[in-house]
Amino acid sequence: MSQKNNLIKIESEQEFREIFNQYFNPLVNFINQYLQNYEDSREVVQSTFLKMWDKKDQLVIQTSLKNYLYRSAKNNMIDFMRKHKKLNIISDEEDKILNNLPDNEESILSPYLIRNELIKALEQLKPKNKEIFLLSKFEGLTYEEIANHLNISKRTVEDNVSRAMSSLKTILKNNPNIFK
């Protein structure tokens, strides 16, 4: 990949594969936040990379590669949703998403960035604290279910979730990637 005066050009199949391997899954996760369907999200991202490969000889990226890929994936998702709307196979919920998509790149990337920073912050919690928090907030178990599952008191579960929330708020509040 050559880079001159902030312009990026993909010069080999190997470079393209590296970009694909690095960005495919994050892009699928990003698109899936809107579509809520992994098959459709994968289709949109594959289409993004296919178009990129087809135009590789003429393609010169003037922004960062990451911003280019996210913007391209978002545009392909919009095209995908419009196509499905014309065919009357788009849901009312997807129609609302289509009409309320953010325009600037910062707001497009922010859900993905926040998710990544949250995952990093979770790694800073003590293992038992993290496990209880994940069971509660990500698995949707009640405090009583968690207590029974881990053979601890319901009060211990409450304390751990509260402690985890407090720690995460502190960690994320001081994170420059989230609050600029």
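Here are the numbers:
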item: Per-residue ³J(HN,Hα) for the range 122-133, Karplus 6.51 cos²θ - 1.76 cosθ + 1.60, θ = phi - 60°, Hz, x for Gly and Pro; result: 4, 5, 7, 6, 5, x, 5, 4, 5, 4, 5, 4
item: Where trypsin sites (Lys or Arg not before Pro) fall in DSSP loop in the range 48-87, at most 16 other Cβ within 10 Å; result: Lys55, Lys56
item: Above-threshold pairs, the threshold being 27 Å between Cα atoms, out of Lys66/Lys128; Lys126/Lys173; Lys55/Lys83; Lys51/Lys173; Lys51/Lys83; Lys83/Lys120; result: Lys66/Lys128; Lys51/Lys173; Lys83/Lys120
item: FRET efficiency estimate (nearest 0.05) - Cβ-Cβ, Glu123 to Trp53, R0 22 angstrom; result: 0.05
item: Spin-label model distance (nm) - Asn116 vs Gln46, 7 Å beyond Cα toward Cβ; result: 2.5 nm
item: Under the Karplus curve 6.51 cos²θ - 1.76 cosθ + 1.60, θ = phi - 60°, whole-Hz ³J(HN,Hα) for the range 76-82, x wherever Gly or Pro sits; result: 5, 5, 4, 4, 4, 5, 5
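We did not get these values from a lab; they are worked out from the coordinates using the rules stated. Note that the coordinates shown come from a computational prediction; the quantities given were computed from them, not determined experimentally. Cβ: placed from backbone, ideal geometry, glycine included. Neighbour counts: every protein chain shown.
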